[in-house]
Structure formats: structure tokens, C-alpha cells
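Peer 1: Let me begin by handing over the structure; questions about it come next.
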Amino acid sequence: MDRPRTIPLTPLDDSRTQAHLLARTDDTGIEWVVDAYGCNGQCLRDQACLERVFCEAVHELGLHPIAPALFHQFAEPGGITGMLMLSESHLTCHSFPERGYVAFNLFCCRSRPNWPWSEKLKLHIGAQEVKVRRLERLFGQEHL
């Protein structure tokens, strides 16, 4: 399978993005809160490793980035904070290489299938243990 090398962008005024947002028929978003432990500290200091996770999630979940991903590298022994704005909402990460830990958060304004966080984080950053919480986020007055 060809892996994307860059995160494809969807322009804000793109009619496909607008149609995608208007076609939403449910009022349930999905949020993943992910904690990965025992990770390779070098990978957690390497933007390319974290960007690969972003790329695969975007590609495999059919997400629509609306701006380039931003990454900030902290001074040693610190890690990296990353954020990608999506037409669906956002994908973020924050790594602590000195602790072998990274947190990811992905929110989508409409339902998505599960994504193999554990498998992907073991592959790309050497995670020994991954805890995934998948939350249904209900929006709208009828949910009060």
C-alpha cells in the first residue's frame, strides 16, 4: 500500500469540502483521546515520525486538512507539539521524550470508523502500551 508522504490539503473554499460538511446527517462527533507509553524517545523528538502518524490518520480516515500542519520543537529534553486543522475539527499531539510518552487528540464532527491507534503507534514510535478512549460527542439542542 502506498503511504502518503505529505498531508494533502483541502482548500477552505473547495466545493467538495462544503458538500462534505453539508451532507452530514448525524449529530454525533467522535473524539479519540490517546495516551502512548514506553515510546522511543528519539522518535518523540523527530517531527517526521509524528507527521507520519498524522499522514496515515488523515489518509486512512478520509479527513480534510484545511491548513498545513504546525509543529513546534521544544528545547532538549522537550518534545514536540503538533496541530493539524481539519474541516472535521483537529488532530493534535504533544510528546514528552524524556518520559517516553505522547498524547494524541483527534476530533471529527461526524462519525468515523475506529482507527488502529495501537498498531500505528507501535509501528511509528515504538509505543509499548497504548490507551485509547473513543468518545461520542453529541451536539444539538435535543441533547440537553
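The values are calculated or read from the model by the stated rules, or taken from the named source; none is laboratory data. Note that the structure is predicted; figures quoted are calculated from it, not measured. Note: ideal-geometry Cβ built from the backbone for every residue, glycine included; neighbour counts use all protein chains shown.
Peer 1: Taking Asp14, is it modelled with pLDDT under 90 and acidic (Asp, Glu)?
Peer 2: So Asp14 fits the description; yes.
Peer 1: Still on this structure: Which condition breaks for Phe71 when tested against (1) of a type in the set (A, V, I, L, M, F, W, C); (2) in contact with a Lys or Arg (Cβ under 6 Å, 6 or more places away or on another chain); (3) modelled with pLDDT of 95 or more?
Peer 2: Every condition holds for Phe71 apart from (2).
Peer 1: Right, here's the next one. Considering only residues of segment 103-126 that are of a type in the set (D, E, K, R) and closer than 30 Å to Pro77 by Cα, which is surrounded by the most Cβ atoms within 10 Å (Cβ to Cβ)? Give the steps one after another, and end with the answer.
Peer 2: Kept after step one, since they are of a type in the set (D, E, K, R), are these residues of segment 103-126: 110, 112, 119-120, 122.
The next check asks that each one be closer than 30 Å to Pro77 by Cα; those that pass are 119-120, 122.
Details: Glu119: 11, Lys120: 20, Lys122: 17.
Among those that are of a type in the set (D, E, K, R) and closer than 30 Å to Pro77 by Cα, it is Lys120.
Peer 1: In addition: Among the residues in segment 134-142, are any closer than 22 Å to Gly29 by Cα and assigned to a helix (DSSP H, G or I)?
Peer 2: Within segment 134-142, one or more residues are closer than 22 Å to Gly29 by Cα and assigned to a helix (DSSP H, G or I).
Peer 1: Mind listing whichever residues of segment 85-132 are touching a Lys or Arg at 6+ places or on another chain (Cβ under 6 Å) and assigned to a loop (DSSP other than H, G, I, E, B)?
Peer 2: If the condition is that a residue be touching a Lys or Arg at 6+ places or on another chain (Cβ under 6 Å) and assigned to a loop (DSSP other than H, G, I, E, B), then Arg110 is the only one that fits.
Peer 1: Right, something else. If I ask for residues that are β-branched (Val, Ile, Thr) and either closer than 21 Å to Asn40 by Cβ or more than 15 Å from the chain's Cα centre (by Cα) (or both), which ones from segment 62-97 would you list?
Peer 2: Residues satisfying the conditions are Ile80, Thr81, Thr92.
Peer 1: May I ask you to list the residues in segment 26-55 that are in a helix (DSSP H, G or I), surrounded by 19 or more Cβ atoms within 10 Å (Cβ to Cβ) and in contact with a helix residue (DSSP H, G or I) (Cβ under 6 Å, 6 or more places away or on another chain)?
Peer 2: Within segment 26-55, Cys43, Leu44, Cys49, Arg52, Val53 qualify.
Peer 1: Which condition does Gly100 not pass, out of (1) over 16 Å from the mean Cα position of the chain (by Cα); (2) buried (at least 16 other Cβ atoms within 10 Å of the Cβ); (3) at negative phi, if it passes all the others?
Peer 2: So Gly100 meets the others, but not (3).
Peer 1: Evaluate segment 77-84: report whether one residue or more is buried (at least 17 other Cβ atoms within 10 Å of the Cβ), part of a helix (DSSP H, G or I) and either at pLDDT 95 or above or of a type in the set (Phe, Trp, Tyr) (or both).
Peer 2: no
Peer 1: Regarding Phe104, is this residue closer than 15 Å to Asp46 by Cα and not acidic (Asp, Glu)?
Peer 2: It is false that Phe104 is closer than 15 Å to Asp46 by Cα and not acidic (Asp, Glu).
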